Structures are given as structure tokens and as C-alpha cells.
1. What is the magnitude of the charge dipole of the range 279-410 about its Cα centre, with +1 placed on the Cβ of each Lys and Arg, -1 on the Cβ of each Asp and Glu, and no other charges, expressed in debye to the nearest 20?
2. Please state the charge dipole magnitude for the range 130-213, taken about the Cα centre, from unit charges on C-beta atoms (+1 on K and R, -1 on D and E), reported in debye and rounded to the nearest 20.
3. Based on the mean of other Cβ atoms within 10 Å per residue, sort peptides 95-101, 165-171 so the most packed one is first.
4. So who's got an amide H within less than 5 Å of the one on PHE129, skipping anything under 5 residues away but keeping other chains? H placed 1.01 Å off N, in plane.
5. Calculated from DSSP H runs of 4 or more alone, at -39500 (n - 2.57) each and per residue, what is the 222 nm mean residue ellipticity of the chain, nearest 500?
6. Which of the pairs LYS113/LYS378; LYS139/LYS287; LYS139/LYS310; LYS265/LYS382 have their Cα atoms more than 21 Å apart in this structure?
7. Please list, in order along the range 231-240, the HN-Hα scalar couplings obtained from phi with the Karplus expression 6.51 cos²θ - 1.76 cosθ + 1.60 (θ = phi - 60°), rounded to whole Hz, x for Gly and Pro.
8. To the nearest 10 degrees, how steep is helix 19-32 against the longest Cα principal axis of the chain, on a 0 to 90 scale?
Amino acid sequence: INRSGSIKVSTTKTGKDSVLSGIIKMVEDAQGVKPAIQRLADKISNVFVPVVVAISILTFIIWYVFLDSTFVFAFTAAIAVLVIACPCALGLATPTAIMVGSGVGLNRGILFKSAAVLEGIAKVEAIGFDKTGTLTKGKPEVTHLISYEGYSQKDLLRIAAAGENPSIHPLAQAIVQRAKDEGIEVEEVQDYHEESGHGTICSYQGKKLLIGNRKLMTKENVPTEGVEKDFQELANGGKTTSFVAYDGKIIGIIALADVLKESTKEAIKRLHGLGIKTFMITGDNKKVATVIGNEVGINEVIAEILPQDKIEIIKRYQNDGLKVAMVGDGINDAPALAQADIGIAIGSGTDVAKETGDVVLVRNDLLDVERAIRLGRKTLTKIKQNLFWALIYNTLGIPIAAGVLFPITGELLPPEWAGLAMAFSSVSVVTSSLLLSRYSKVLAN
């Protein structure tokens, strides 16, 4: 606590840049963009108005000219048609359901960036998942250190930590953290750059340092034959394994293991229950990915691919006629999130992923993927129900207002009663949409 001195405070962001402001903006944007079904309703409304005017005029002509009614009677019937046929119910059917649906999602930590997304996610038939940080916690730990060429495990860890320190990848940070835990001072490297999907290259104490998979070693002409047995044993055990090459020689192998999120297995099971195909896309070792894929029950595992190749996998599913969603959290997932029909970003992921995604899962819970789809389907069903009842109301109400029951009842519907019926139709649509808020309790399960 500063009791007497002065304090200089540097403001890096204003209120409009806060997380809360961002959430509010997303919700406002979601409620402001019209989905396809809303555009359909608008087209119906555009045709509906001139048709109703024509029916009103026709009603007047039939009663006054052909049925010899009084002018007042015919005019009253024509006015009743105009009053009862107000297209408000049609116009309210979609936006009210979208507003309530996006609000329910927000309460569950599911942010839909547009109304079209809320509609589109209801039609998803296949979902792709990144592995690290999405299916897993993204906090792997070093499990094995195997050193060669006279280097000790501590030497290996010191060199590897220096090479991985500039990276934000969870695997890299796990190596750095292990070094810090053992009291090793992490040194700086020069000429650092990442080989996307392969590993890292840099200069350490004037010599070239490589940390990555077999493809990186092959590309840089570093032989791995002498250490393949150790590498395969670790990989077969489901470990994510990296070679460490220094000055043209393999000086060690580092194995890491990540832990599945608690909700992963249940989320995949529920998605299958909804009839949705699942697949994993990862740049990780195929054996490691297969072990995890089998453990959680994913339908297809595609491993050892580059970020740009993820797009081709998404396209393959789309070319099969499927609506595809992609779930990811990292920069490498951004192209796939953009290519998918619906991109779902994990809230704990990178800003790039969240900007690219159409849906953001704030709570970092994979069960929210299934909840988002259920909510989308429920909202779309509610919209269809609203439109159905709005059309049924007009289909029945207009003939009654025109006097089709007059020969039976001897009474003509007064315009004031027609107005009440019109108001009731609008209120009933809004009430129907508001009932969607009760679905929040269902989503909690």
C-alpha cells in the first residue's frame, strides 16, 4: 500500500477494450445480423403486405358489388382484413428467438458472433478438433529425457530450454518450465524461428540448434538412425517426442505427455449421440494422436500435418456434402477455423483463434460444443414454430375477418376484435420465444 509517495500508472487499454465490452459487442453484433431464415421471413412479409391489401380490396368488392351489402358492412370487412393481417408476428418470429437464444448461450459462456452462426451451428454434421489445448489441457509435462553424445540430462534440458524459450507453444513451454523447476537458468538464443508444424531452429552459443520432429531432422539433414529405437518406444507409449539436434548431431530426445480435459470423453460421446461425426487434426506424432483418439472415441485421426493442410481436410469433408465445424485454440488453427462452416474457438486460446472463430467458448469446456449445437437446434426449431403459427394465424384469421363465417354465425368480426387478435398473435410469438430461456436449465446438464 502506497501511503505517501506518488504512483505513475500507465493505461494500456480503455474500458471499450475490456473483456466485458468485447462480450457485449459480440452479443450486439449477433443480434443485429440476419440469418437466412430471417431473410426468408422478410421476403414473405414483403409479398404478404400487397397480397393482404389486394384481399382487402377484393373483400370490399365481393360484399358491396356481388353480395349487395351496404357500403359500411363491406368497408368494415375490408378494414378487418387489413387490421388482422398485420405481419408483425412474421417479423418477430426470428429476431425474438435469436435474441433469447444468444442470451441463453451467453449465460452458459457460449458467445455467438452472429445470428447466422446460431442458425448454422444447428446444421453441423461433422466436427474437427485440434489436439493440444483443445482435447487436452494444453499443459504437457516432460516425462523422459534421454541424452546422447556425452551430454548429461541436465545439459540436454538446459540447451533445449534455451531453444524453446521464445516459443509460446505448450510443448515448448513445458520444457522451459521443467528447466526452471530444476533450477536451470534459461539462456538466450539467436536467429530463432519456427518451422510451422515441425519445430524450432536457432543458434545457441554459435552453433545450430534444432528441436522438433523427424521431418525437421530430415529437412536439415540430421541423421536419426542411431536413436530411432528410443524414439519409437516413447512414441508407442503415447508420448509426444522431440529430437534435440545440436551442431548437426542428435544430442537427446525429450518426451512429453499431455492430459485430457475432464470433459473431453463425455463431449465426444454426446456429439456422437447427436449424430455428428468427429475427427482430430493435429501436427503431432501419428502414434500419439492415435492413442488419444482411441481413448476419447473420435471417428478419424489425421496427424503429422501442417496448419495449411488442415484446410484441405476440412474441404474434404465439405466436398462430401457435410456441414463442418472446427474447434481450436491456437494460431495454427486459424486457417482451419476460417475454412470451416462454423469455427469454434476455445476461450483460453490465442486472440487470433478467437477473432477467426464464429463461436467462442468462454469457459474452456468442451461440453459447451455439444451445448452450442443443441441450443442452435432448439433455437432453429423455435423459429420454425413461430413462423408456422404466424402463418397459421393469418391463414385462418384473414378469411374470418373477410366474413367467410358470416353465413353461419350471422356476425362479422369487428375491426377492434381483429386488432386484439393481431396483438395477441404478436404477443404469443414473443412469449413463445421467451420460453426458450427455460432451456438454459436443460443445457446445464
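1. Numbers: 14 positive and 16 negative charges, 145 e Å.
The dipole magnitude comes to about 700 debye.
2. Around 220 debye, computed over the range 130-213.
3. Working: 95-101: 24.3, 165-171: 17.4.
Final packing ranking: 95-101, 165-171.
4. PHE279, MET280, ILE281, VAL327
5. Details: 18 runs with 230 residues, N = 445.
Taking each H run of at least 4 residues, the total per residue is -16500 deg cm²/dmol.
6. On the way: LYS113/LYS378 18 Å; LYS139/LYS287 19 Å; LYS139/LYS310 23 Å; LYS265/LYS382 30 Å.
Cα-Cα > 21 Å for LYS139/LYS310; LYS265/LYS382; rest within.
7. Per residue, the Karplus-derived 3J(HN,Hα) values read 4, 5, 4, 5, 5, 5, x, x, 8, 7 Hz.
8. 40 degrees
No lab work stands behind these numbers, since they all come straight from the coordinates. On a predicted model such as this, the values are computed, not experimentally measured, just so you know. In this analysis, Cβ positions are derived from the backbone assuming ideal geometry, glycine residues included, and neighbour counts consider all displayed protein chains.
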